[in-house]
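Participant: Below you'll find the structure I mean.
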Amino acid sequence: MEETRAEFEAAQAQKFRALIRYAGARAPYYAKLIRERGLDVNTCKAGDFPLLTKSILMANFNDIVTDRRITKEVVADFLTRSTDPKEQLFGQITVMHTSGTSGEVGYFLYAPADFGRLRAAAFRNRRVFRGLFPSFGWHFRRIRVAFYGATGGHFAGVSGVASMQRGVRKLFIDAQAFEVNTPLPDVVAKLNEFRPDALWGYTTALKMLGDEQRSGRLNINPLAVIATGEMVTRSDLQFLSEAFSGARALSLYACTEHMMLGISNPDGETMTLMDDNLMFEFHEDHSVITNLFNYTLPLIRYRMSDILRPVSPSGTRRIVIQNLVGRTEQMPVFVNRGGAKDFISPHIINEIFVKGVTRFQMQITGPSEFRFPICVDAGLNAAERAAAATGVRVRLAEILAQKGLSNVTFEVQIVADIPLNERTRKFQLIVTGNL
């Protein structure tokens, strides 16, 4: 019999205090907060701590990370030289970066013990969530899993693929990643050859594959199609299920900061949160999440722009929310040299990394042109500022060439700040027109 909500929250409070004891002994940022606020690490609550934003995290990174070998500079140097998601810092630390919808670059780290705590919670809850995942039955071969997304760096999705390719998991799973920024016909041909049992990727990109499946150009028979990284509606799930001949279509709520947060329910309109290692606070225009499994980079009351709407009765063990997690970005579409339109996934843009660049935005100004203002670290000298701008130009040129859009022109300029949307007062990573 599953525990009550009260029993669960009591156990969760003990997990929280264990994390605080660890962080207070190893992270100067948290040690200072505990001291200044006069907190007792054996009785404190999450609400005793202030909000942590990505800006605060990055400004205090060296004092928040608990592995004293690691600094912001060490991570930046690692990401500058390494684009292989299978490579780990010091051979053991998984490094990920993202700008998300804020356009602000953030680093997130996980040690093997962190992933161990995450997997242990998943194992404990296998009966609860088993009915939400499709059954792959028994095979005399490895289950083939295909990820369609950004693959050329240390990003969350492809890092998940890399984890499936390590250790005992690779004995049971054949995981391959397919780059979303390559021409669609090439991806279709490779997927037809691989014939995945499970297809996983960004919602918009999967719907494009659904169109290819309906046209007959793509001919695969996955048992599961898993959409993530973007807003997913019931009609999206229905389209994907029908396009792939009745495959089980579901939505996973995931992010770089906290990994897996929830999974869609069979009704297609709600989602069950995976809160064994996460403490959720719900607000009108944002969410606050405390991560209980990441001891390497403790995120206590971390502010997320995702809007979560609980629909389950108060006091029930499992928290159910509306399926519409508010994360959307405009899809940049450009005209290539041959006059045809093609897209660049916004996930490719938000995963751009260049050392010294702290924030950026794509401003589409024409069918084959855009501006790309960037903000850089205040401590950079003139040569380092120029190198950062050059690095962004090189990366953008690579992205465009990979997609067959080398004719698209762009301008990179260092700016002091990038404005919010005047109407919504929120940041947009990709915009159209002059600002």
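Participant: With the checklist (1) within 18 Å of the chain's Cα centre (by Cα); (2) open to solvent by 30 Å² or more (accessible area, probe 1.4 Å); (3) charged (D, E, K, R) in hand, flag the one item GLU257 doesn't pass.
Facilitator: Here GLU257 meets the rest and fails (2).
Participant: Which one of these is under 15 Å from TYR295 (Cα atoms) and touching a Phe, Trp or Tyr at 6+ places or on another chain (Cβ under 8 Å): ALA46, ALA31, ALA27, ALA111? Break it down into steps so the answer makes sense when it comes.
Facilitator: Details: ALA46 fails: under 15 Å from TYR295 (Cα atoms); ALA31 fails: touching a Phe, Trp or Tyr at 6+ places or on another chain (Cβ under 8 Å); ALA27 fails: touching a Phe, Trp or Tyr at 6+ places or on another chain (Cβ under 8 Å).
Matching residue, one of ALA46, ALA31, ALA27, ALA111: ALA111.
Participant: Inspect all residues belonging to the range 353-360 and state whether any of them is under 24 Å from LEU51 (Cα atoms), assigned to a loop (DSSP other than H, G, I, E, B) and either open to solvent by less than 50 Å² (accessible area, probe 1.4 Å) or of a type in the set (S, T, N, Q) (or both).
Facilitator: No, because not a single residue in the range 353-360 is under 24 Å from LEU51 (Cα atoms), assigned to a loop (DSSP other than H, G, I, E, B) and either open to solvent by less than 50 Å² (accessible area, probe 1.4 Å) or of a type in the set (S, T, N, Q) (or both).
Participant: Just one of the numbered conditions (1) modelled with pLDDT of 90 or more; (2) more than 15 Å from the chain's Cα centre (by Cα); (3) of a type outside the set (A, V, I, L, M) is not true of GLY201; which one?
Facilitator: (2)
Participant: Tell me, which residue of the range 72-102 that is among the polar types (S, T, N, Q) and exposed (fewer than 14 other Cβ atoms within 10 Å of the Cβ) is farthest from ILE374 (Cα to Cα)?
Facilitator: Residue satisfying both the conditions and the ranking: GLN92.
Every residue, every condition in (1) touching a residue at least 12 places away in the same chain (Cβ under 8 Å); (2) part of a loop (DSSP other than H, G, I, E, B); (3) polar (S, T, N, Q); (4) open to solvent by 10 Å² or more (accessible area, probe 1.4 Å), yes or no:
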| position | (1), (2), (3), (4) |
| --- | --- |
| GLY339 | no, yes, no, yes |
| ILE349 | yes, no, no, no |
| ILE364 | yes, no, no, yes |
| GLY379 | no, yes, no, yes |
| ALA401 | no, no, no, yes |
| SER406 | yes, yes, yes, yes |
| GLU411 | yes, no, no, yes |
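Participant: What number of residues in the range 33-60 are touching a Lys or Arg at 6+ places or on another chain (Cβ under 7 Å) and either free of Cβ contacts under 8 Å to residues at least 12 places away in the same chain or open to solvent by 60 Å² or more (accessible area, probe 1.4 Å) (or both)?
Facilitator: 3
Participant: Could you tell me whether any residue of the range 252-261 is farther than 29 Å from ARG17 by Cβ and in contact (Cβ under 8 Å) with a residue 12 or more places away in the chain?
Facilitator: Within the range 252-261 (the criterion being farther than 29 Å from ARG17 by Cβ and in contact (Cβ under 8 Å) with a residue 12 or more places away in the chain), the answer is yes, since at least one residue qualifies.
Participant: Pull out all pairs, ordered by first then second residue, where Cβ-Cβ is under 9 Å, the residues are six or more apart or on different chains, the first lies in the range 193-206 and is in contact (Cβ under 8 Å) with a residue 60 or more places away in the chain and within 13 Å of GLY157 (Cβ to Cβ), and the second is open to solvent by less than 10 Å² (accessible area, probe 1.4 Å) and of a type in the set (S, T, N, Q).
Facilitator: TYR202/SER345; ALA205/SER345
Participant: Quick test for you: out of GLY268, GLY246, pick the one residue that is within 16 Å of VAL311 (Cβ to Cβ), modelled with pLDDT under 90 and small (Gly, Ala, Ser).
Facilitator: Selected residue: GLY268, the only one of GLY268, GLY246 that is within 16 Å of VAL311 (Cβ to Cβ), modelled with pLDDT under 90 and small (Gly, Ala, Ser).
Participant: In addition: Yes or no: the range 397-404 includes at least one residue that is among the acidic types (Asp, Glu) and at pLDDT 95 or above. Explain how you work it out, then say what you get.
Facilitator: Step one: filter the range 397-404 for residues among the acidic types (Asp, Glu), giving 398.
Then drop every residue that is not at pLDDT 95 or above, which leaves none.
The answer is no, given that none of the residues of the range 397-404 is among the acidic types (Asp, Glu) and at pLDDT 95 or above.
Yes or no, residue by residue, for (1) surrounded by 20 or more Cβ atoms within 10 Å (Cβ to Cβ); (2) free of Cβ contacts under 8 Å to residues at least 12 places away in the same chain; (3) of a type in the set (D, E, K, R):
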{"position": "ASP236", "(1), (2), (3)": "yes, no, yes"}
{"position": "SER241", "(1), (2), (3)": "no, no, no"}
{"position": "ALA247", "(1), (2), (3)": "yes, no, no"}
{"position": "PRO266", "(1), (2), (3)": "no, no, no"}
{"position": "MET271", "(1), (2), (3)": "yes, no, no"}
{"position": "PHE280", "(1), (2), (3)": "no, no, no"}
{"position": "ILE289", "(1), (2), (3)": "yes, no, no"}
{"position": "ASP306", "(1), (2), (3)": "no, no, yes"}
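Participant: Only residues in the range 1-14 that are charged (D, E, K, R) count as the first member; pair them with residues that are loosely packed, with under 12 Cβ neighbours inside 10 Å, Cβ under 6 angstrom, at least 6 apart or cross-chain, and list the lot.
Facilitator: ARG5/GLY315
Residue-by-condition table, conditions (1) aromatic (Phe, Trp, Tyr); (2) at negative phi; (3) buried (at least 23 other Cβ atoms within 10 Å of the Cβ):
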residue	(1), (2), (3)
ALA150	no, yes, yes
VAL161	no, yes, no
GLY167	no, no, no
ILE173	no, yes, no
THR182	no, yes, no
VAL188	no, yes, no
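The values are calculated or read from the model by the stated rules, or taken from the named source; none is laboratory data. Bear in mind that the values here come from a model prediction, so they are computed numbers and not experimental data. Cβ sites come from the backbone with ideal geometry, for glycine too, and all protein chains shown count toward neighbours. We work out accessible area using only protein heavy atoms, side chains counted, and drop any ligands, DNA or RNA first. Shrake-Rupley method; radii C 1.70, N 1.55, O 1.52, S 1.80 Å.
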